[in-house]
1. Using label points projected 7 Å from each Cα along Cα→Cβ, tell me how many nm separate B:ILE51 and A:MET1, to one decimal.
2. Once label points are set 7 Å from the Cα along Cα→Cβ at both A:ASP155 and A:ASP237, what is their separation, rounded to one decimal in nm?
3. Once the dipole of the range A:170-288 is set up with Lys and Arg at +1 and Asp and Glu at -1 on Cβ about the Cα centre, which of A:TRP286, A:GLY198, A:THR179 lies farthest towards its positive end?
4. Using the Karplus curve 6.51 cos²θ - 1.76 cosθ + 1.60 with θ = phi - 60°, work out ³J(HN,Hα) for each residue of the range A:86-94 in order, rounded to whole Hz, and write x for Gly and Pro.
5. What residue among A:ILE200, A:ILE124, A:ILE231 shows peak mean-square fluctuation when chain A is described by a Gaussian network model with Cα springs under 10 Å?
6. Grab the beta carbon distance between B:ASP36 and A:ASP281, set R0 = 45 Å, and tell me the FRET efficiency rounded to 0.05.
7. For a footprinting-style exposure proxy, rank A:CYS289, A:CYS160 by other Cβ within 10 Å, fewest first.
8. Can you give me the long-range amide H partners of A:GLY58? Hydrogens built in the peptide plane at 1.01 Å from N, cutoff under 5 Å, separation of 5 or more residues or another chain.
Amino acid sequence: MADPAVLVLTRLDDPTSDEVIAELHRRGIPVVRLDPGDFLTGGIEVSAWYQNLGQLSGHLATSSRTLDLTNVRSVYYRRPSPHEPPEVMSDDNARFAVEQARYGLNGLLASLPNCRYVNHPRHIAHAEFKAVQFATASAVGFQIPATLITNRLDDARAFCADHGPVVYKPLRNTPFTATNGHPVTIWVRPVDPDDLDGSITATVHLFQAVVDKVADVRTTVIGDQVFSVRIDSPHLDWREDYAVLTYRAIPTPVHTAQACRAYLRHLGLLYGAFDFGITRDGEWWWYECNPAGQWHWLEAETGLPMTAATADLLEAIA
Amino acid sequence: MNRAETPASFTQAWGATRLVPFKGATGVPYARVELDPVTQVTRYYDLDGQIIKCGRHGSNQSQNTSNPTGGGDGKNPTPPDDVNVTDYVPD
């Protein structure tokens, strides 16, 4: 049997995947890159057979590669696109085609035999629920800021009074475009309690006590390796403006690294990007863990060998 | 809540009132992308058809658009990383 391949499921314009694929290519590991979102608009062919007690055989072909579905050593799941139906389809027909592709193709790609997933899409999906994150973070011993999830205006007001200053964080991001066509987003910023109104009841909101931090830390865990980078920013939410950030690789306290590993183990993840705020006393307060985030720019800024760590994880036979 | 206000009467949830524009460069710093059939790495081209190093270890601008919260424009939007929808098969 041929050398087993690494299957990279990602968008065409994903620089983090480019780094990993280039490294695997340098190592002579076969790589197949695929965006499942391209499936319905053509260019990907798949057939899978189950016979002889359900044993799988099959293959998948892109414009440049053919993949034996039974000979995949690992899958790198790096935020591929959702399925896009052909424009000529009516809404009902489009929904039908998309759901067949999700349950058919994605189902197949999520159940490849003897294959390591970094990370498994079902585990990613589970780990993206904030409530799951809080439960897990608390179980492994992280310090978590006081948090409220609510659609009740009175409770939001009381939380601000008891824990102010308070920030609002979306429970899930969705794309928004302003009237001028430019994308807009929601940063983590303090809430003025006077701004709260009845539209809190329109859906669920998350409020959290502000950590009295001196800096932020992004801790990226890749397999057994833990990389922490201190990020200094004039903004409460450092993602607001990358041009003004400074980065410094720092050691991870032993108990924090242990808690990160326990967190990932608990949720069946091999990769996670943890965000912390650190106080003047050197305490690390846990904010969140992104199970599918980017990291390549941190390697560029600090030289931490994160591409090599990811390639190690994908190269190893599960 | 006023008497006329019910959860279903709001045209926008409170959280969506906190939307703000991205700072710095928006839009993608390339004209076209193509997959290298041999290496499976993406090639980025500028308007003149020249290969550019993009979103890798490049300039601040190219990093900006490849960062977790990188922007996009209306014509050729690059969804910010944490805005991308993860497609998965539910149990």
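1. According to this spin-label approximation, the distance is 3.4 nm.
2. 2.3 nm
3. A:TRP286
4. Working through the residues one at a time gives x, 5, 6, 7, 5, 4, 5, 5, 5 Hz.
5. A:ILE200
6. So the FRET efficiency works out to roughly 0.35.
7. Ranked by crowding around the Cβ, least crowded first: A:CYS160, A:CYS289.
8. Amide H neighbours of A:GLY58: A:TRP49, A:LEU69, A:THR70.
Rule-based calculations on the coordinates, nothing more; no lab input. Not measured: the values here are computed from a predicted model. We place every Cβ from the backbone using ideal geometry, glycine too, and count neighbours over all the protein chains shown.
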